[in-house]
Amino acid sequence: MPPTLLPRDAQSCAPESTAGPDGSPPALSRADAERAALLLKAVADPVRLQLLSLIRASPSGEACVCHLTGPVGLSQPTVSHHLKVLVAAGLLEREKRGVWAWFRVIPDRLTDIAAIFQAA
């Protein structure tokens, strides 16, 4: 018969709180983890990370989609798709100017990404 994986005293392994042993912040709730996962999923693509970097590094803090296709080496529709994902995640704001769309990074959302991994 295989050994049992349950402890003899099941109560002994049940945590009394969700805080870490060193007093670190409590574990994420399921809802918070799902929100964080959506945000991380948006930046879990090399092209999207590069787009965020390019926009942040631009002198004006914004960039037109027409300026982003060359540096990432992708077509305008593909770049627009990636930008749409970043806008949906709340990482970028989009402003239509004539026929072109311009994008700006929302700094608070970058802070939200960092906060997922930082202790309080």
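Worth pointing out:
- On inspection, Pro7 fails the criterion of being at pLDDT 90 or above and more than 20 Å from the chain's Cα centre (by Cα).
- Residues within the range 76-109 that are over 25 Å from Leu38 (Cα atoms) and hydroxyl-bearing (Ser, Thr, Tyr), tallied: 0
The values are calculated or read from the model by the stated rules, or taken from the named source; none is laboratory data. Quantities reported herein were computed from a predicted structural model and do not represent experimental measurements.
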